[in-house]
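Here the structure is laid out as structure tokens; the discussion comes afterwards.
Values quoted throughout were computed directly from the atomic coordinates according to the rules given, and no laboratory measurement underlies them. No experiment lies behind these values; they were computed from the predicted model shown. Cβ sites come from the backbone with ideal geometry, for glycine too, and all protein chains shown count toward neighbours.
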Amino acid sequence: MKVAFYPGCTVQADQIGYEASVRNTMPKLGVELIDVEGASCCGYPPFSSVNEAAWYYSSARNMALAERMGLPILILCNGCHLSFTETKHFLANNPIIKAKIDEKLSIEGLTYVGDVELIHVFDLFHNKLGEEKIKQAVTKPLTGFKFGAHPGCHAIRPNKLIRPDDSENPIKLDELIQWLGAETMDYPGKIDCCGSSLAPASGKTVMEIAGDKLRMVKALGLDGLVTTCPFCFKVYDNRQRAIQSTVGASVEFPVFYYTQLLGLAMEVKPDFLGLDLNQSPVDSVLARIGGS
Amino acid sequence: MKPVLVVGGGIAGIQASLDLADRGIRVHLVEKSPSIGGVMAQLDKTFPTMDCSICILAPKMIECFRHPNITIHTQSELVSLEGTVGDFSVKVLQHPRSVDAQKCTGCGLCSERCPVKRPSVFQACLGQRKAIYLAFPQAVPLIATIDRDACLWFTQGICRTCETVCSANAVEYEQKENTIELNVSSIILATGFEQYNPKDIGEYGYGHYRNVLTALEFERLVCASGPTGGVLTRPSDGKVAHNIAFIQCVGSRTQTTGYPYCSASCCMYATKEAVLIKEHEPSSHVTIHYMDLRIFGKGFQEFVDRAQSNWGVRYVRGRPGEITEDPASKDLTIHYEDTEVGKVEKNTVELVILCTAAVPNSDNNKLGGILGVKLDEYGFFSTKDPISSPVETSRQGIYVCGSCHGPRDIPESVAEASATAAKAAEDEARLEVKG
């Protein structure tokens with residue numbers, strides 16, 4: 001299966017561990033990643049408070065690039081996926097704005113039709129590859145581990161737009177983890193926001209929200225928190241020290257990208273999965289899995 | 001004089017039948033389930049008097065059964081209608097009971113010996129019944145019925161235990177569907193309502209969290225004839241629940257998932273159920289999370305006041321946003337804003353009861369088509385004029401009462417039933433004058 005690969009800014013700028021784990025696992029599952037040449041920012045929805053059309057233009061531009069390649073587009077970030085979905089939905093129902101966007105795109109010789117298929121990471125693993133294929137790829141099952149899944153807001157909300165999973169009872173990420181041989185727990189607050197969108201307004205609030213979840217999963221005795229969203233990961237993994245000093249309690253807890261766990265279960269070397277870039281204490285989990 | 005057809009054997013249908021029969025008018029009472037009684041038979045107590053529900057209903061059910069002017073057709077449905085007021089021809093399809101109604105004594109030995117178990121609809125699926133069963137202890141008629149989808153004889157061609165143990169020789173596997181034709185002067189619809197399935201409201205976790213129940217399920221749980229004998233054991237671990245919360249307007253009064261209308265009886269039945277919990281165990285904590293208290297009926301305000309002052313039931317204004325479950329204890333935390341003080345709070349309880357919307361019967365569309373009567377935008381039967389003809393449908397000679405034309409409580413359903421009986425009697429009188 002060939003897909004146009006759109007990692008998004010956050011992944012390419014500071015979540016290169018995620019990118020590494022994707023590039024070193026997906027081809028082994030038969031997914032050929034073809035980079036979208038000339039890709040730009042997804043538009044980032046908060047940008048719409050400054051210039052809404054600019055957001056739609058940025059999103060439409062990236063989708064037009066994928067349409068030119070004639071491939072479905074794989075989007076790593078929950079935020080980018082929602083940004084594209086919203087734009088696609090909006091432009092389909094607003095021909096006047098679409099005409100304006102088309103005009104701007106034509107400067108580069110691009111056309112946006114709106115028929116590009118948007119693939120979320122959940123869609124790819126859960127629907128396109130499926131249980132059998134993933135279980136076959138697992139050579140070292142993560143037996144004995146119990147993880148908490150964090151699907152992230154934009155993967156499940158708003159439920160009026162088609163999202164990859166149910167907004168109140170998402171189970172896809174849990175199942176993906178279970179296919180690797182590990183257990184998951186349906187913990188309270190699983191669908192809570194990581195807080196990252198609040199960062200420009202109130203950093204302290206982000207730390208408090210994220211701290212609540214980390215303390216919860218820690219108290220439940222889970223082995224780690226798993227996500228596929230770079231924004232969520234940035235908060236839960238990269239900001240643990242800041243959270244700790246804000247909430248005044250220990251929140252040290254292993255956090256993984258799903259593709260990192262997938263790689264470990266497929267016996268890909270941790271270095272190739274960017275695990276050395278995880279700032280949360282993942283070493284104990286790695287030691288238990290062994291073979292590194 | 002021609003008979004009157006009453007469709008639906010709940011409290012409204014029963015009351016309409018009795019009113020007509022007492023005036024000397026013959027009645028055919030058609031009920032789709034194996035027993036008359038309807039939802040009221042499932043309730044533990046009634047508000048605002050806290051009378052035992054079945055104790056009020058059962059004498060009326062028996063009276064229906066014994067009344068010389070009333071013929072009860074259970075497991076039956078209306079399949080066609082022709083004619084006009086004063087001369088309606090209707091066909092009624094009777095599904096086979098597989099038990100001879102004349103011979104069965106209702107002893108229950110067949111159910112005792114039957115090896116097949118199925119969820120009991122009467123017990124709101126919290127308990128089980130057998131493939132051959134009596135709908136409930138006070139069922140009228142008190143005749144066993146075989147669920148052919150569950151019975152081993154009908155599904156696999158084996159067993160026949162019930163036939164062997166029945167000393168009255170009442171089991172008749174070969175019974176067939178039967179259509180009867182009736183000529184009636186008018187028709188009264190009293191087909192009742194259904195409960196909204198709160199599964200669609202994901203944030204409350206019904207169907208996902210085991211200790212989240214609907215009010216009708218709770219009604220069975222708290223009832224002495226219920227699956228636990230009236231002990232409030234919660235489903236997850238069988239522990240007796242002492243800290244319980246109600247959530248109002250689940251699927252009602254919403255513009256998103258559910259229906260925009262008010263379900264009319266929930267504020268009162270939640271209060272009733274809260275008082276029942278307190279009567280069972282006065283030290284219990286009960287919270288009712290409500291939007292508005294709609295307690296306008298006779299004696300209703302006083303009832304709620306008593307619940308607050310005498311029993312200590314806590315009322316919190318605010319629609320909860322979410323319920324979360326503790327993975328270990330299975331206790332539930334309700335997240336809500338107390339809008340009286342403007343604070344976001346949490347309430348951790350052992351059991352949550354969702355007071356779900358009363359929704360149109362799923363058969364209404366079909367029945368409305370057969371009868372040629374209009375439904376409203378939700379699927380309830382609509383009336384000709386809400387003010388001047390509140391019990392008349394769009395077709396002359398067909399009347400509605402009870403919750404088949406919108407959510408209603410018992411007193412209102414009974415009053416309307418009497419009104420439809422009066423209307424049907426008027427049609428009879430007109431017919432007499434014409435000769």
Exercise. From the phi of every residue in the stretch B:380-394, what ³J(HN,Hα) in whole Hz does the Karplus formula 6.51 cos²θ - 1.76 cosθ + 1.60 yield, where θ is phi - 60° and glycine or proline is x?
Worked result: 7, 5, 9, 9, 4, 8, x, 9, 8, 9, x, 10, 9, 8, 5
Exercise. Can you give the average number of partner chain beta-carbon atoms within 10 Å of each beta-carbon in peptide B:322-332, as a whole number?
Worked result: 3
Exercise. For the Cα atoms of chain A, what angle does the longest principal axis make with the long axis of helix A:95-106, in degrees from 0 to 90, nearest 10?
Worked result: 90 degrees
Exercise. In degrees between 0 and 90, to the nearest 10, how far off the longest principal axis of chain B does helix B:11-22 point, with axes built from Cα atoms?
Worked result: 40 degrees
Problem set entry | DSSP-defined antiparallel bridges as percent of all bridges, the protein assembly as shown, nearest 5 | 45 percent
Exercise. When the Debye formula is applied to the Cα atoms of the protein assembly as shown, each taken as the same point scatterer, what base-10 log of I(q)/I(0) results at q = 0.06, 0.07, 0.10 Å⁻¹?
Worked result: -0.50, -0.67, -1.06
Problem set entry | With eigenvalues of the C-alpha gyration tensor scaled by 5 and rooted, the stretch B:263-344, Å | 23, 17, 11
For this session: On each of the three principal axes of the Cα atoms of the stretch A:1-65, give max minus min coordinate, whole Å, ordered largest first.
Result: 42, 25, 16
Exercise. Of A:LYS88/A:LYS160; A:LYS2/A:LYS98; A:LYS234/B:LYS346; B:LYS199/B:LYS343, which ones are farther than 19 Å apart at the Cα?
Worked result: A:LYS2/A:LYS98; A:LYS234/B:LYS346; B:LYS199/B:LYS343
Problem set entry | Spin-label zone in the stretch B:102-136 - amide nitrogen under 18 Å from a point set 7 Å from the Cα of B:THR155 along the C-beta vector | B:111-122, B:125-134
Problem set entry | Choice from B:GLY106, B:GLY229, B:GLY397 with maximal GNM fluctuation in chain B (Cα, 10 Å cutoff) | B:GLY229
For this session: Would you mind getting the Kirkwood hydrodynamic radius of the stretch A:2-119 from its Cα pairs, rounded to one decimal in Å?
Result: 14.5 Å
For this session: Between B:LYS103 and B:LYS434, with labels modelled 7 Å along Cα→Cβ, what's the label distance in nm to one decimal, could you check?
Result: 4.5 nm
Problem set entry | Rg over Rh, two decimals, chain A (C-alpha only, Kirkwood Rh) | 0.97
For this session: Can you figure out the FRET efficiency of B:GLU345 with B:GLU177, using R₀ = 60 Å and their beta-carbon distance, to the nearest 0.05?
Result: 0.60
Exercise. What average count of beta carbons from other chains do you get within 10 Å of the Cβ of residues in A:278-285?
Worked result: 0
Problem set entry | Cα-centred dipole magnitude for the protein assembly as shown, charges only on beta-carbon of K, R (+1) and D, E (-1), debye, nearest 20 | 500 debye
Seminar exercise, completed: To the nearest 20 debye, the stretch B:205-282 has a Cα-centred charge dipole, built from +1 on Lys and Arg Cβ and -1 on Asp and Glu Cβ, of 120 debye
Problem set entry | Rough spin-label spacing in nm, given labels placed 7 Å along Cα→Cβ, for B:ARG23 and A:ASP14 | 8.1 nm
Exercise. Which is farthest toward the positive dipole end of the protein assembly as shown among B:THR105, A:LEU286, B:ALA124, measuring Cα position about the Cα centre, with Cβ charges +1 (Lys, Arg) and -1 (Asp, Glu)?
Worked result: B:THR105
Exercise. Helix A:203-219 versus the longest principal axis of chain A: what is the Cα-based angle in degrees, 0 to 90, to the nearest 10?
Worked result: 40 degrees
Seminar exercise, completed: Spelling it out for B:GLU172: with amide H atoms placed in the peptide plane at 1.01 Å from N, the residues 5 or more places away or on another chain with amide H under 5 Å from its amide H are B:VAL99, B:ASP100
Seminar exercise, completed: Checking the stretch B:141-190 for trypsin sites (Lys or Arg not before Pro) in a loop per DSSP with at most 11 other beta-carbon atoms within 10 Å yields B:LYS176
Seminar exercise, completed: For the pair B:ASP51 and B:ASN310, the simple spin-label estimate (label points 7 Å beyond Cα toward Cβ) gives in nm 1.7 nm
Problem set entry | Theoretical gain in end-to-end length, B:ASN169 to B:LYS199 [0.36 nm per residue, Cα-Cα removed] | 6.4 nm
Problem set entry | Hits among aspartates and glutamates - C-alpha to C-alpha of B:LYS32 under 18 Å, sequence gap 8 or more where chains match | B:GLU77, B:ASP100, B:ASP147, B:ASP149, B:GLU177, B:GLU181, B:GLU194, B:ASP363
For this session: Would you be so kind as to identify which of B:VAL250, A:VAL31, B:TYR133 lies farthest towards the positive end of the dipole of the protein assembly as shown, taking Lys and Arg as +1 and Asp and Glu as -1 on Cβ and the Cα centre as origin?
Result: B:TYR133
Seminar exercise, completed: Within the stretch B:354-435, DSSP-loop trypsin sites (Lys or Arg not before Pro) with at most 10 other C-beta atoms within 10 Å are none
Seminar exercise, completed: Note to self: Kirkwood Rh of chain B, Cα pairs, one decimal, Å, is 23.0 Å
